[in-house]
Amino acid sequence: MKNWFGLIVFLAVVPGATGAEIAIDPSRFQLQVEKGAEARSAIVEDEAQPKSKELMVTVSKPGPEFWSVELRAPGFSFDPGKRYDLLFRARSSQSEYVYFTLEKTDGNQASITRGTFLQLPEQPVDCTVEFEVQEKAPSARVTISSLSVDQATFYFSDFKLIEK
């Protein structure tokens, strides 16, 4: 009887351990504005996909640093050596490069992955950013930076984080 219970626990836990997919609600992202930049965010209806919501960020005054305007989605835990894909749809009012990374949230807020710049066009596109976690981070976040280079409006939707 004990062996059957162990088998049931194994079958219930192991499929979620690899290949896990986490949908990230756009409202989970928090807007961080610093260094004199001005920006606002809102959840709006996605024009391209009716009945779907997207996160809109409008930068009305750029900041002096690429991290002057960021979106941060906290509440994640990452282990070293694991790989993740961040999938989402995005567009910008003008073609802009945006920076994606995973960061610790306990203490020094250091990146735990190599960051990636991705060019967002004016038309909605499906995007994938790959991360390889370099150090343990039991308290971490997904961070989107470089939103404050120019005045622009960014749109993000359909976030999924997939462990590979």
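Quick grid of which residues meet (1) over 15 Å from residue 120 (Cβ atoms); (2) polar (S, T, N, Q):
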{"site": "49", "(1), (2)": "yes, yes"}
{"site": "64", "(1), (2)": "yes, no"}
{"site": "88", "(1), (2)": "no, no"}
{"site": "93", "(1), (2)": "no, yes"}
{"site": "106", "(1), (2)": "yes, no"}
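Regarding residue 144, is this residue open to solvent by less than 10 Å² (accessible area, probe 1.4 Å), farther than 28 Å from residue 45 by Cα, aliphatic (A, V, I, L, M) and at pLDDT 95 or above? Answer is no for this residue. Out of the stretch 20-30, which residues are open to solvent by 50 Å² or more (accessible area, probe 1.4 Å) and in a strand (DSSP E or B)? Hits for the stretch 20-30 are 21, 22, 23, 30.
Given the criteria of a type outside the set (A, V, I, L, M) and not in a loop (DSSP other than H, G, I, E, B), does residue 135 qualify? No, not satisfied.
Does residue 55 satisfy the condition of being part of a strand (DSSP E or B), under 18 Å from the mean Cα position of the chain (by Cα) and under 24 Å from residue 19 (Cβ atoms)? Criteria not met by residue 55.
Kindly provide the set of residues from the stretch 33-89 that are touching a Ser or Thr at 6+ places or on another chain (Cβ under 9 Å), within 27 Å of residue 104 (Cβ to Cβ), open to solvent by 60 Å² or more (accessible area, probe 1.4 Å) and not basic (Lys, Arg), ordered by number. Hits for the stretch 33-89 are 34, 43, 64, 65, 66, 67, 75, 77. The residue list 113, 128, 101 contains one member that is buried (at least 21 other Cβ atoms within 10 Å of the Cβ) and under 21 Å from residue 22 (Cα atoms), which is 113.
The values are calculated or read from the model by the stated rules, or taken from the named source; none is laboratory data. The shown structure was predicted, so the numbers you read here are calculated from the model rather than taken from an experiment. So basically every Cβ, Gly included, is an ideal-geometry build from the backbone, and we count neighbours across all protein chains shown. Ligands, DNA and RNA are stripped out before the accessible areas are found, and what is left, the full protein with its side chains, is counted by its heavy atoms. Shrake-Rupley method; radii C 1.70, N 1.55, O 1.52, S 1.80 Å.
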